[in-house]
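The values are calculated or read from the model by the stated rules, or taken from the named source; none is laboratory data. Everything numeric in this text was worked out from a predicted model, so none of it was measured. Here the Cβ positions follow ideal geometry from the backbone for every residue, glycine too, while neighbour counts run over all protein chains shown.
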Amino acid sequence: MIKIIDPVLIRFFSLEVRWYGFLIVSALIISLFILNLLLRSEKEFDFEFFLDFIIIAFPLGVLGARLYYVIFNLDYYLNYPEKIIAINEGGLAIHGGIIVGVLILYLLTKKRNKNFFLALDYLAPLTALAQSIGRWGNFINQEAYGKIVAESYYNFFPEFIKKQMYIKGAYREATFLYESIVDFFLFLILFFYLRSDYKKKW
């Protein structure tokens with residue numbers, strides 16, 4: 001039997017800390033440090049504005065991500081309505097989180113008379129980075145994978161990825177890795193763009 005990575009990072013009596021949650025929180029903390037760096041030369045926005053945004057958007061974004069997932073798997077949740085709140089079992093869709101986050105950002109910038117599109121400029125690279133990190137949570141949970149592939153597909157992959165991608169009796173394409181890499185390069189492009197002299201002001 002192929003041994004896979006346990007999705008639970010730490011167990012303490014009945015308390016479980018899962019890799020997915022740990023990676024999400026880690027992505028948030030790393031993003032805050034990077035945001036603070038990007039804002040050093042910014043005059044319209046300060047770190048406090050985005051901290052207020054994150055305090056509001058993070059929990060509501062999780063709810064939005066859960067609601068989006070439930071809506072697109074409605075048949076299952078109509079049969080098992082008690083599972084709707086079982087967020088510990090997984091089931092978050094980033095699309096819902098982004099929709100809620102953008103809406104909250106718009107309302108907050110409007111309330112404080114700030115430039116909405118400039119705020120998006122600063123959050124875009126951080127969103128790409130968080131998604132890049134978060135995909136590794138999907139990897140550990142054995143979700144967000146591709147079609148069935150031959151074992152030879154993994155000849156040039158690290159062994160731990162190969163083992164984790166053996167799902168339901170077959171090797172699956174590591175689509176999580178493709179997106180993680182693309183998102184990371186997108187983060188780098190946007191990060192250096194914001195740090196450059198060519199930054200576009202809205």
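Residue-by-condition table, conditions (1) of a type in the set (V, I, T); (2) exposed (fewer than 13 other Cβ atoms within 10 Å of the Cβ); (3) modelled with pLDDT under 95:
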residue: Y171; (1), (2), (3): no, no, no
residue: S180; (1), (2), (3): no, no, no
residue: F185; (1), (2), (3): no, yes, no
residue: F191; (1), (2), (3): no, no, yes
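F156 - would you say it is in contact (Cβ under 8 Å) with a residue 60 or more places away in the chain, more than 24 Å from I54 (Cα to Cα) and surrounded by fewer than 15 Cβ atoms within 10 Å (Cβ to Cβ)? Reasoning before the result, please.
Numbers: in contact (Cβ under 8 Å) with a residue 60 or more places away in the chain: no; more than 24 Å from I54 (Cα to Cα): yes; surrounded by fewer than 15 Cβ atoms within 10 Å (Cβ to Cβ): yes.
Here the answer is no, as F156 does not meet what is asked.
For the stretch 1-50, enumerate the residues that are outside any helix (DSSP H, G or I), among the basic types (K, R) and surrounded by fewer than 15 Cβ atoms within 10 Å (Cβ to Cβ). Give the steps one after another, and end with the answer.
The first filter runs over the stretch 1-50 and keeps only residues outside any helix (DSSP H, G or I), leaving 1-18, 42-46.
Keeping just the survivors that are among the basic types (K, R) gives 3, 11, 18, 43.
Those that are outside any helix (DSSP H, G or I), among the basic types (K, R) and surrounded by fewer than 15 Cβ atoms within 10 Å (Cβ to Cβ): K3, R11, K43.
Test D121 against the stated conditions and say whether it is within 26 Å of S41 (Cβ to Cβ) and either assigned to a helix (DSSP H, G or I) or out of contact with any Gly (no Cβ under 6 Å at 6 or more places or on another chain) (or both).
Numbers: within 26 Å of S41 (Cβ to Cβ): yes; either assigned to a helix (DSSP H, G or I) or out of contact with any Gly (no Cβ under 6 Å at 6 or more places or on another chain) (or both): yes.
Against the criterion (within 26 Å of S41 (Cβ to Cβ) and either assigned to a helix (DSSP H, G or I) or out of contact with any Gly (no Cβ under 6 Å at 6 or more places or on another chain) (or both)), D121 qualifies.
Can you tell me which residue in the stretch 72-117 is surrounded by the fewest Cβ atoms within 10 Å (Cβ to Cβ), limited to those that are outside any helix (DSSP H, G or I) and under 17 Å from the mean Cα position of the chain (by Cα)? Lay out the reasoning, then the answer.
Step one: filter the stretch 72-117 for residues outside any helix (DSSP H, G or I), giving 72-73, 80, 86, 90-93, 112-115.
Cutting the leftovers down to under 17 Å from the mean Cα position of the chain (by Cα) gives us 90-93.
Values: G90: 14, G91: 18, L92: 22, A93: 18.
Taking the candidates together, the pick is G90.
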